[in-house]
1. Tell me, what % of the accessible area of the chain is carbon and sulfur with a 1.4 angstrom probe?
2. Can you give the accessible area per residue of the range 1-96, in Å², using a 1.4 Å probe?
3. Give me the distance in nm between label points sitting 7 Å out from Cα along the Cα-to-Cβ direction at Ile154 and Leu8, one decimal.
4. So if I restrict to the alpha-carbon atoms in the range 1-82, what is the Rg, and what is Dmax, the biggest pairwise distance, in Å?
5. How much length would be gained if the chain were fully extended between Leu52 and Phe40, taking 0.36 nm per residue of separation minus their Cα-Cα distance, in nm to one decimal?
6. Work out which helices of the chain, taken as complete DSSP H runs, extend at least 30 Å along their axis over the Cα atoms and score a mean Kyte-Doolittle of -1.0 or more, then list them.
7. Could you work out the relative contact order of the range 30-165, using alpha carbon pairs under 8 angstrom and six or more residues apart, expressed as a whole percent?
8. Given (1) 28, 16, 13; (2) 22, 18, 15; (3) 25, 21, 14 as candidate values of semi-axes √(5λ) of the Cα gyration tensor in Å, which corresponds to the one derived from the coordinates?
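The values are calculated or read from the model by the stated rules, or taken from the named source; none is laboratory data. As the structure is a computational prediction, the values presented were derived from the model and not from experiment. Positions of Cβ are backbone-derived with ideal geometry, glycine not excepted, and every protein chain shown enters the neighbour counts. Just so you know, the surface numbers come from the protein's heavy atoms only, side chains and all, with ligands and any DNA or RNA stripped out. Shrake-Rupley method; radii C 1.70, N 1.55, O 1.52, S 1.80 Å.
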Amino acid sequence: MSKKLAFLIATYGGLGLSPKAPGTVGSLGTLPLAFILCFFGGVYAVIIASVLIFVIGTPATHELIKNQQDKDPGMVVIDEVVGQLLTFLFVADNLLYQNAQNWWIYLFGFAAFRFFDICKMGPVKWFDRNVKNAYGVMCDDVCAGLMGGFCLWIGVRVYMQYVAQ
């Protein structure tokens, strides 16, 4: 993979170059993609896209960090893309063809993912501290996304059960 292509992928088209909060900017930049995937394909589209982005993003991240001291630089946000998408995995079918009325799910999902990504607890912390390569960069956000997704799933279930009736 060329350095230019790796840079473009790892920074998610340059969103990772944001001078402030590049991870948050990368996560926000993922929401339109999540919207499209959930609306048109539901859970299967989210799974396929997450796997593809992980498979493409890992070597791109490796190419970008291989000669750097910092093995998880802020400009690499492709990991946030995977994590943010995985947050919607468990509720993607609730968003299938219903994006307009369930817009709040995207806000809650964004907040849930960012919470676990920033706080770094459990497996997120383990990957962040112990795996100092492209897999560590990607996997800590995968864990944050799954943890955020579980919380989002609970929130949606509670809402559907007690509030939406």
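1. Carbon with sulfur: 70 percent of the solvent-accessible area.
2. Working: 4470 Å² over 96 residues.
Per residue, the range 1-96 has an accessible area of 47 Å².
3. 4.2 nm
4. Taking only Cα atoms of the range 1-82, I get Rg and Dmax of 12.9, 41 Å.
5. Working: separation 12, 0.36 × 12 = 4.32 nm, distance 1.73 nm.
Roughly 2.6 nm would be gained on extension.
6. Membrane-span-like by this criterion, though nothing is claimed about a membrane: 22-65, 134-158.
7. Numbers: 175 pairs, mean separation 43.5, N = 136.
Once normalised by length, the contact order is 32 percent.
8. (1)
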